[in-house]
């Protein structure tokens, strides 16, 4: 079931959470809504579920306008950041809740719940209460509960936000596999670009209530529409009007026309990857990402002078990120002047 | 002994001493005085026709006032916490009114509504309903004074559980009633139960408002607290003490129920 949102607007008092947002989510896809806090991504997700009413605009699920349909009739599975487990019910009762509401027979419910608990790898925990589960287990239970009623679409609001780093990574992989297995159209909200790129096939980058760009992870990384997207989906250095990724800075010991003189300020070893911080003649601070081998070859020391050559620098012609034209179009992978420059400005 | 343990002990002694002198000692004395000359006299007073009637009337009042205030209290709590609007401060203030007002004043105001020249009087006497100096007035007075308890205990719990569980129920297909019955109510049940216990205790012991509107007629409109007072005034001390002890025992049962609830809530 594909999902589309058309011209969505939503304000909370003076705060405009959604500003003419339109997105298109293809049937069966796994899409991430990515953005900083306050960017409107959660509001958009909640509007799709009907937990938030739009001021103007429409939500379509499988081509049907559901804007005026109450949440209970939209047949969406929703997973909350803080699990929203029914604390007074066992795992079994939690997962079976939607089925009981739908007046399923007891033995049918038993069958379906067992099947789901196996799917989310919680077999044997049916009689526990949520308080007896770990965070990761609770979230998997919440997912099983959402999936039990065979929703048309699955919506996850920062599902791994409250979990620690290790569990997050495991659950990411697991969610991706689960999606491949179930093939239900899934949207998940996150502020973590690495998580979004890892899990989702399609990303929608949001900022200040509107969509900056949408596309695949590679699209966003290689052809960001504007400064905001470029800096949000990866590390970035600003050199005058140009932006360059730290791994796109070549460090050499001999100067030529295409290089800029810089002093090594600090060398930080992060395992295989080395972060070298430079300061340019005009005081601009820049860092480059090198490998251990490159560093050894260059024999760089703190306080030394080296020469930087930016490759693949981008310029967005001074277009501000929040009002760049075309940024709020659904598939707006508008290329904001992919000008390759040879020397730092 | 370090200074901090010293001050901790003196605080303890102060606190316990205060409670012992002002609360526990009078109660113990009451029990002692009642049973000083054996069980017969107080037992006889309570099992007299008037005594039994007073007990029955008190229990009837509890049976009407407490459920009404529980239902109303939960509805009001939902209004206050879940349906925010500008007029909520009015509901909030109104619910606190019985706490702030003397029960005697409450009794007098009921008099003004249902009395001979009262607002509701013409309609009521036409319909043949007698409110004042009969059970309805006693129940009304008790409802008035015990309105706040369920609301005050339920509101914080409702705020604490938040709306996510209710929203989750909605996404799973539950309608408003199913959500309330299966998710909200079980989540707030200890808060509500706590309020019910306090409300019951208050209705059991209410004296001031009831004494104004009931007429205090023995065997007719006399509740247990009024029965105690009447016997005391008539120098029937065994009767007064016996009924007082009965009231105290009822209150202790209610308090024990409360402690049990507390312990259950903790697990």
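Any read-out appearing in this document is the output of simple, stated calculations on the displayed coordinates, not a laboratory observation. Quantities reported herein were computed from a predicted structural model and do not represent experimental measurements. With ideal geometry, Cβ positions are generated from the backbone for all residues, glycine too; neighbour counts draw on all protein chains shown.
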Practice prompt. Summarise the long-distance tail of P(r) for the stretch A:176-322 by giving the % of C-alpha pairs beyond 18 Å.
Written response: 63 percent
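Which value at 222 nm does chain A reach when only helices count, each DSSP H run of 4 or more adding -39,500 (n - 2.57), with the total divided by all residues and rounded to the nearest 500 deg cm²/dmol? Walk me through the intermediate numbers first.
Working: 9 runs with 92 residues, N = 345.
Using -39500 (n - 2.57) per qualifying helix, the result is -8000 deg cm²/dmol.
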Worksheet, complete the sentence: By the C-alpha gyration tensor axes a ≥ b ≥ c (rounded if a/c is under 1.5, else prolate when a/b exceeds b/c, else oblate), the shape of the stretch A:33-151 is oblate
Worksheet item: How compact and how long is the stretch A:51-114, expressed as Rg and Dmax of its alpha-carbon atoms in Å?
Response: 15.1, 44
Practice prompt. Express in whole angstrom the spacing between the alpha-carbon centres of the stretch A:74-88 and the stretch A:15-61.
Written response: 18 Å
Worksheet item: Helix A:106-119 sits at what angle to the longest principal axis of chain A, using alpha carbons and giving 0 to 90 degrees rounded to 10?
Response: 20 degrees
Fill in: Max mean-square fluctuation residue, GNM over chain B, Cα-Cα springs under 10 Å, options B:73, B:51, B:115
B:115
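For the stretch A:155-204, take N as its residue count and report Rg(C-alpha) divided by 2.2 N^0.38 Å. The partial results should precede the final answer.
Values: Rg = 10.2 Å, N = 50, 2.2 N^0.38 = 9.7 Å.
Dividing the Cα Rg of the stretch A:155-204 by 2.2 N^0.38 Å gives 1.05.
From the square roots a ≥ b ≥ c of the eigenvalues of the alpha-carbon gyration tensor of the stretch A:15-96, which class results: rounded (a/c under 1.5), prolate (a/b over b/c), or oblate? Don't jump to the answer; show the numbers that get you there.
Details: a/c = 1.82, a/b = 1.48, b/c = 1.23.
Prolate.
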Discussion item. Output the 0 to 90 degree angle, nearest 10, between the alpha-carbon long axis of helix A:165-182 and the longest principal axis computed from the alpha carbons of chain A.
Written reply: 60 degrees
Item to complete: From the C-alpha gyration tensor of chain B, pull out the three semi-axes of the equivalent ellipsoid (sqrt of 5λ each), sorted largest to smallest, in whole Å.
Response: 35, 31, 17
Item to complete: Please give the helix A:91-101 orientation as an angle from the longest Cα principal axis of chain A, in degrees from 0 to 90, rounded to the nearest 10.
Response: 60 degrees
Worksheet item: Between the stretch A:200-270 and the stretch A:153-181, what is the C-alpha centre distance in whole Å?
Response: 27 Å
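Which value in deg cm²/dmol, rounded to the nearest 500, describes the helix-derived mean residue ellipticity at 222 nm for chain B, given -39,500 (n - 2.57) per DSSP H run of n ≥ 4 and division by the residue count?
Numbers: 15 runs with 206 residues, N = 267.
Mean residue ellipticity at 222 nm (helix-derived): -25000 deg cm²/dmol.
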Response to the item:
Kirkwood Rh for the stretch A:128-186 from C-alpha pairs, in Å, is 12.2 Å
Response to the item:
Here the relative contact order (percent) of the stretch B:126-237, from C-alpha pairs under 8 Å and at least 6 apart, is 40 percent
Worksheet item: Could you work out Rg/(2.2 N^0.38 Å) for the stretch B:1-117, with Rg from alpha carbons only?
Response: 1.72
Worksheet item: Any idea how far the Cα center of the stretch B:213-267 sits from the one of the stretch A:95-143, in Å?
Response: 49 Å
Worksheet item: Fewest to most neighbouring Cβ within 10 Å: what's the order for B:235, B:133, B:149?
Response: B:235, B:133, B:149
Worksheet item: In the Gaussian network model of chain A, springs joining C-alpha atoms below 10 Å, which of A:226, A:207, A:242 carries the largest mean-square fluctuation?
Response: A:242
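Rounded, prolate or oblate: which fits the stretch B:95-245, taking a ≥ b ≥ c as square roots of the Cα gyration tensor eigenvalues, rounded meaning a/c under 1.5, else prolate when a/b beats b/c? All intermediate terms of the calculation are to be shown ahead of the outcome.
Numbers: a/c = 3.01, a/b = 1.83, b/c = 1.65.
Prolate shape, in that a/c is at least 1.5 and a/b is the bigger ratio.
Order of A:106, A:169 from fewest to most other C-beta atoms within 10 Å? The partial results should precede the final answer.
Working: A:106 10, A:169 15.
So the ranking, lowest neighbour count to highest, is A:106, A:169.
If one computes P(r) from the Cα atoms of chain A, what percent of pairs lie at distances over 27 Å?
Values: 32182 of 59340 pairs.
Percent of Cα pairs beyond 27 Å in chain A: 54.
Using Cα pairs under 8 angstrom and six or more residues apart, how large is the relative contact order of the stretch B:39-266, in percent? Spell out each step's value before the answer.
Numbers: 278 pairs, mean separation 75.4, N = 228.
After rounding, I find 33 percent.
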Worksheet item: Cα convex hull of the protein assembly as shown: how many Å³ per residue?
Response: 272 Å³
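Which ordering of B:161, B:95, A:187 is given by a fewest-first count of other beta-carbon atoms within 10 Å?
Numbers: B:161 17, B:95 21, A:187 26.
Taking fewest neighbouring Cβ atoms as first place, the list is B:161, B:95, A:187.
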